[in-house]
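A quick write-up on the structure given underneath.
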Amino acid sequence: MIKCENLKKVYPVKKSKGYEALTEVDLEIKAGDFLSITGPSGCGKSTLLHILGFLDNPSGGKYFFQGKNVTSFNDRKRSMLRREKIGFIFQSFNLLPRFSASANIMLPMLYAGVEKSEALERSYKLLEDVGLKGKENNSALELSGGECQRVAMARAIANKPELIIADEPTGNLDSKTGKNVMALLKKLNGEGLTVIMVTHDNELAKIASKIIVMKDGRIEKTVGR
Amino acid sequence: MKITELLKTGSLEIWHHKMRSFLSFFAISIGVISILYSLVLIYSMSFRTKKALEIAGPGKMTVQMPRSGGENTDPNAPKDVLTLDDSLAIRKEFQRLYMVSPSLKKYVRVTHGKFNAHQLVEGISTEWRRRGWIYTLKGRFLNQYDVDNFERVCVIIKTGGWIKKPKWIKLYSWKDRFQEYIKHNEVLGSTIQLGDNLYTIVGILEEPVLEKNPKTFLSMSGRWGGKIFVPITTAQRFLSGWSMNGDGIESISIDTGEEKKINSYKKKIEKFVQSRHSGKLKFEIKDYRELIKEQLTDKARDMYTVLIIGIIAILAGGIGIMNVTLATVYSRIKEIGIRRAIGATRMNIMSQFIVEATFLGFIGGIAGVFIGIIGIQYLASKGNTDMMMVQWWMPFLSILAAMLTGFFAAIYPAWSASKLDPVEALKYE
Ligand SMILES: Nc1ncnc2c1ncn2[C@@H]1O[C@H](COP(=O)(O)OP(=O)(O)OP(=O)(O)O)[C@@H](O)[C@H]1O
Ligand SMILES: [Mg+2]
């Protein structure tokens, strides 16, 4: 599904040649994989995720997504891929605070052109699936952290994506709610979705079928198939 | 993403920043009010011009003494004036003219029964009938016998009322006491005192109802003419009282019958009158277009002032909206990042802000039109005939202007929002 060759990311920095956050990253991810990425803070995990999720452009190298070289895609095409194929989950949930839980989930569907009534119906169904029945009209400010993350997960899968990208999804949660979220991710992976997850927790990383350990912008080692 | 969804987010946002939104649509409203007002003025002006030409006929011109030409330097100096003979001579010389109608106005005391006040009395010849006749005649009109024999007879114009008085002029308080009097008293055939002498009222000229009267919305023709007419010879011999030009006559209205001939006739008549006064008479010939233009100049100045104020106000409103939208963009950087992450394109982000700002302009426009219409109705009720000419499409055009302002003001902020780097926007707190 994903193949990266010699990916490189250089952040511009004043009065120097720039900071190289990713160096010679080669990576292959098959459909249905559950990939964990670990490594010390600042080693470039988030940077890699942003590139894989079309939020950012690599400075060098090639990125093939489902066989297509997407390095040269323009913003519109990349946005389309993001909305149709990818669901993001963040450490800080990133819900729109003034919107209700269901409105948050409807948003990606509306961008994708789904009818409003259908989107509404689907958002209720998704909230039920993540165990939040009855909280449809609560705004993000009226939900607990664990509940927020579950809304965010429902939003991530609203457009039936093929790839879930999660950047420390349990980072802001206690271990019990964190395990709940992990179980949900595992379930999604069981249903055939590809998952790429960054975590600091070695225990959680072990759920994955493949673990990548990064250091200083490089992949230090790969564990699993 | 449908526009209704964008509007929903937009109204949430506008509501969330009430004060900020209010200030910018306040400025927009003021702009819209002035634009609405100047639209009415522009429309009124072109309407009046068209109607005035229609009624008078484009072939019309007026020979008259200059209104002010330093005449008062020496009141005792012999003054050459336009005379009735000039009028008769023009008639004789240029047989093909459709109309040669002399006029002499005097401001005299008018007494009839209980009525007693000063009124304008106009001396005319029989050719006056050719000056845009819109009347129903009761009794008879002045005839050549009256003119030749200095008869003391007069005809009176009776103005028409409204069939159904439009609501907006219910409060119209100015009433013509003479008209009120003749409306409630049968005066045809009776005797009236004009100045020092008694006259017989031989005819009543009934104007059509105001809805059907082309002069209703026309301030330039007819309104300042007299409502009482006597033979011009009679006026010269018997009427004393204040008038514009002493012994002579005031003006000669001429109609060539068609527009094409107006310039050649103008030259010929000018030469002719000049030769009759051996070049010493100060007079001018104005064709009707010139007269109208002159009368409209003041109005045009008003109109442009208002229009400029309107444009400035709406620009200020636009800058206000731009400012608000910029502020909104800054306060929503995180939101922009989130929307980008879940698949919003740059265009989606841009249209979001543009729709919001256009909507803000729309609300401001509605408010402005609302206040503007109230103001216009008030002015109309006070007898401002310009304001009576407000058309249904004017509010719409004004609102459209406000929306366009919002639209264009938002382009830059919306563009900069769409240019934000998604990753940086997501990290923004
Ligand atoms: N916009 C930027 N400009 C310059 N340097 C940046 C920028 N973004 C990230 N970096 C640098 O790139 C490196 C990698 O950052 P990244 O966010 O990918 O780290 P990370 O592995 O996700 O760390 P953490 O575990 O703390 O989230 C860091 O050293 C960071 O300072
Ligand atoms: Mg990170």
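Values quoted throughout were computed directly from the atomic coordinates according to the rules given, and no laboratory measurement underlies them. It should be emphasised that the depicted structure is a prediction, and the values quoted were computed from it without experimental measurement. Here the Cβ is made from the backbone with ideal geometry for all residues, glycine too, and neighbour counts use every protein chain on show.
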Query raised in the report: In peptide A:106-116, how many Cβ atoms from other protein chains are near each Cβ within 10 Å, on average?
Result: 4
Query raised in the report: So for the protein assembly as shown, what are the equivalent ellipsoid semi-axes in whole Å, largest first, each being the square root of 5 times an eigenvalue of the Cα gyration tensor?
Result: 89, 26, 18
Query raised in the report: How large, in Å, is chain B by the Kirkwood hydrodynamic radius built from its alpha-carbon pairs?
Result: 26.2
Requested in this report: Quantify how strongly other chains surround peptide A:47-56 by giving the mean number of their Cβ atoms within 10 Å of each of its Cβ atoms.
Outcome: 3
Query - Coil-residue trypsin sites (Lys or Arg not before Pro) of the range A:90-140, DSSP, other Cβ within 10 Å capped at 11 - result: A:K133
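Please give the peptides B:264-272, B:348-356 ranked by average Cβ packing (other Cβ atoms within 10 Å per residue), highest first, as a rough proxy for protection.
B:348-356, B:264-272
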Query - Whole-Å semi-axes of the ellipsoid equivalent to the range A:2-224 (Cα gyration tensor, √5λ, descending) - result: 29, 20, 16
Report task. Using only atoms on other chains, find how many Cβ atoms lie within 10 Å of each Cβ of peptide A:71-84 and report the average. Result -> 3
Query raised in the report: Within chain A, which complete DSSP H helices have Cα atoms spanning at least 18 Å along the helix axis and a mean Kyte-Doolittle hydropathy of -0.5 or higher?
Result: A:175-190
Query raised in the report: Helices from chain B with mean Kyte-Doolittle at least -1.0 and a Cα length along the axis of 15 Å or more, per DSSP H: which?
Result: B:3-16, B:18-56, B:288-331, B:346-381, B:393-418
Query raised in the report: Can you flag which of A:K179/A:K221; A:K125/A:K206; A:K176/A:K206 are past 24 Å Cα-Cα?
Result: A:K179/A:K221; A:K125/A:K206
Query - Nearby lysines by direct alpha-carbon distance to B:K282 (threshold 27 angstrom, same-chain neighbours under 8 apart not counted) - result: B:K60, B:K79, B:K92, B:K105, B:K106, B:K260, B:K261, B:K266, B:K267, B:K268, B:K271, B:K293
Report summary line: Least to most buried among B:T325, B:T126, by other C-beta atoms within 10 Å and fewest first, runs B:T126, B:T325
